[in-house]
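To start, the structure under review is shown below, and the notes come after it.
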Amino acid sequence: MNAPHRRLAQLALAIAIIIPGAAFAATVDTAAIQREVLRHHDEAVKRLQEWIALPSIAAENRNSREGVEYMAKLARDAGFQKVDILDTDGKPGVFATLDAGAAKTVGLYFMYDVKQYDPAEWSSPPLEARLVDKPGLGKAIVGRGAVNQKGPESAFLAALHAIRAAGKKMPVNLVMVAEGEEEIGSPHIGQLVLRPEVQAAFAKTVGVFMPSASQDPDGGVTVSLGAKGVVELELVASGEKWGRGPAKDIHSSLKAMVDSPAWRLVKALDTLVSDDGNTITIDNYPVAPPISAEERAMVATAIAKRDEARTKAQFGVQHWIDDLDWQAANERLVSQPTVNIEGLVGGYTGPGGKTVLPHRAVAKIDMRLVPGMKKDDAVAALKAHLAKRGYGDIEVNVGGGYDPTSTKADAHLIQAQLAVLTRDRLKPSLWPRNAGSYPGFVFTGAPLQLASGHFGLGHGSGAHAPDEYYLIESSNPSVRGYDGAVMSFVEYLYELAK
């Protein structure tokens, strides 16, 4: 039996795995769509592999034009009738609409950029998107952008292809914006979304979601009601700005008579947090509101389904901050702002020693924010704090960032997610907000004030890290592979149309 016939011969079993919710199949005739998903599986996976092979990296000014043009092509091929490339003061974006003549319109947020990578750290080349066996999971594509975010986004586009190939009418209209600067803090997202014609299109939507792979390795699913905000910046200490220390790297023996910008940066950093590094001590910093009783209850319900020991092993940690218990640690995760040092760079960092006194030192910082806090207020407080403490010469270079997001659990966007997941017997948990960030503020804040979130079944991991992966063929019936992820988007679109 050849491969195409063998694949179709497995259709009945595959459909049972792809959509366990019999009630959904009875309500919406999706058998033809399911057949098209299976029929075009190889084509869809190849499309994802080709996308991974084209990395657009905003931090390196790499492939932004090629990336945005490819994103526009993907949208056109998936059936969007109007697709425009919009320039900003930074990287360009895509604005696309699909008019199905439907009663409801749904907003989409995509990103086409990915994080930087070092091939030497990967067990599989990061741009080759090879299919690799993952013990306990199945076959997965390994590559930069596999799960963050090209895998889930490609699965959503594959859902549109399948609906059209099955001769079905799209259940909702779509409005999409795709940016190329998410990985540097989305500094120009407002220039895309708040452009008059784009804003007017989004204003007609029931909300905006970003395709994701939300299943844990055991199949569990969490529905998040928001995300922390973030500020990405550099603190730079230099002999030139300080007026002390060298204007160029000099021999380290001269430290006996010359000030050190590197030590100055270290001393300034020490004023930002408590002695253990866990409490922000920036003067007049925005105050985070206390965690609510409702949020505390959400956390308790969700973590009862999670394994603390497995989570510690996954992160490679032995203790939580202050040796907090599992409940308290997770309450802190969702409710507390952070000041984190991503990296420290100064002087010589190569093999062996090189006795220099560096003229310049840089700390790369990210600051996470919770609802009730504003990005601009956090930056202003940081600058005032440094100046007050005598460190006004240290440059504060903000690369990007945005405010937190929050969406109510009774929003149609969220209730549709819960309906799909419950129908598929996945027992979803609500979660107050992601500890990570995405620029949903541009949708949830004024003037649009829309619901915003993430949705998509399937599994992946390793975002921003070596060996990032997205599951294609799942060996666990509780976790959907690529075809199942595609069908989850079909289910969601039909549910949103109700």
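Where a number appears in this text, it was derived from the coordinates with a stated rule and is not lab data. Just so it is clear, the structure is predicted and the values come from calculations on it, not from any experiment. Cβ placement follows ideal geometry from the backbone for every residue including glycine, while neighbour counts extend to all protein chains displayed.
The HN-Hα couplings worked out from phi for region 433-444 by the Karplus form 6.51 cos²θ - 1.76 cosθ + 1.60 (θ = phi - 60°) are 5, 5, 6, x, 9, 8, x, x, 4, 5, 9, 7 Hz, whole numbers, x standing for Gly and Pro.
Using the beta-carbon distance between Asp410 and Trp263 and R0 = 60 Å, what value does 1/(1 + (r/R0)^6) give for FRET efficiency, to the nearest 0.05? About 0.65, to the nearest 0.05. Taking 7 Å steps out from each Cα toward its Cβ at Asp42 and Ala446 produces label points 5.6 nm apart.
Here the 3J(HN,Hα) profile of region 399-414, calculated from phi with Karplus coefficients 6.51, -1.76 and 1.60 at θ = phi - 60°, is x, x, x, 6, 6, x, 10, 8, 10, 6, 5, 8, 5, 4, 4, 7 Hz, Gly and Pro shown as x. Relative protection proxy for 322-328, 469-475, 164-170, from highest mean packing down: 469-475, 164-170, 322-328 (other beta-carbon atoms within 10 angstrom). Summarising the amide proton neighbourhood of Ser475: residues at separation of 5 or more, or on other chains, whose placed amide H is nearer than 5 Å comprise Gly138, Lys139.
Stokes-Einstein diffusion of the chain at 10 °C, 1.306 mPa s viscosity, Kirkwood radius from Cα pairs, rounded to a whole number: 66 µm²/s.
Beta bridges from DSSP with both residues in the chain: antiparallel share about 75 percent, rounded to the nearest 5. Under 5 Å between amide hydrogens, built in the peptide plane, is the criterion, and for Phe110 it picks out Val177, Ala178, Glu179 among residues at least 5 positions away or on other chains.
Structure shown: which of Lys115/Lys241; Lys305/Lys498; Lys241/Lys383 lie over 21 Å apart, alpha-carbon to alpha-carbon? The answer is Lys115/Lys241; Lys305/Lys498. About its Cα centre, region 186-340 has a charge dipole of approximately 480 debye under the convention of +1 per Lys or Arg Cβ and -1 per Asp or Glu Cβ, with nothing else charged. Projecting the alpha carbon convex hull of region 340-398 along each direction and taking the average yields 5.4 nm². Plainly put, region 149-294 has a radius of gyration that is 1.15 times its Kirkwood radius, both from alpha-carbon atoms, as the Rg/Rh ratio. Report, in whole Å, the centroid distance computed from the Cα atoms of region 449-498 and region 261-302. Taking the Cα centre of each part, region 449-498 and region 261-302 sit 32 Å apart. Hand me the tally of lysine pairs in region 131-207: alpha carbons under 28 angstrom apart, and the pair either on different chains or 8 or more positions apart. Counting lysine pairs in region 131-207 gives 7. Working note: Cα atoms of region 82-128, range along each principal axis, descending, whole Å: 50, 27, 14. Please go through region 423-479 and write out the trypsin sites (Lys or Arg not before Pro) that DSSP classes as loop and that have at most 13 other C-beta atoms within 10 Å. Answer by residue number: Arg425.
Put in order of Cβ neighbour count within 10 Å, fewest first, the listed residues Met111, Met373 become Met373, Met111.
If you fit an axis through the alpha-carbon atoms of helix 482-496 and take the longest principal axis of the Cα set of the chain, what angle between them do you get, 0 to 90°, nearest 10? Between helix and principal axis, roughly 80 degrees. A DSSP coil position with no more than 15 other Cβ atoms inside 10 Å describes the following trypsin sites (Lys or Arg not before Pro) in region 186-244: Lys204, Arg244. Placing +1 on the Cβ of every Lys and Arg and -1 on the Cβ of every Asp and Glu, with no other charges, gives region 378-498 a dipole of roughly 500 debye about its Cα centre.
Whole-Hz Karplus values for region 299-308 come out as 4, 4, 5, 5, 6, 5, 9, 10, 9, 4 Hz, taken residue by residue from phi with 6.51 cos²θ - 1.76 cosθ + 1.60 and θ = phi - 60°; glycine and proline positions read x. Placing unit charges on the Cβ atoms only, positive for Lys and Arg and negative for Asp and Glu, gives the chain a dipole magnitude near 700 debye about its Cα centre.
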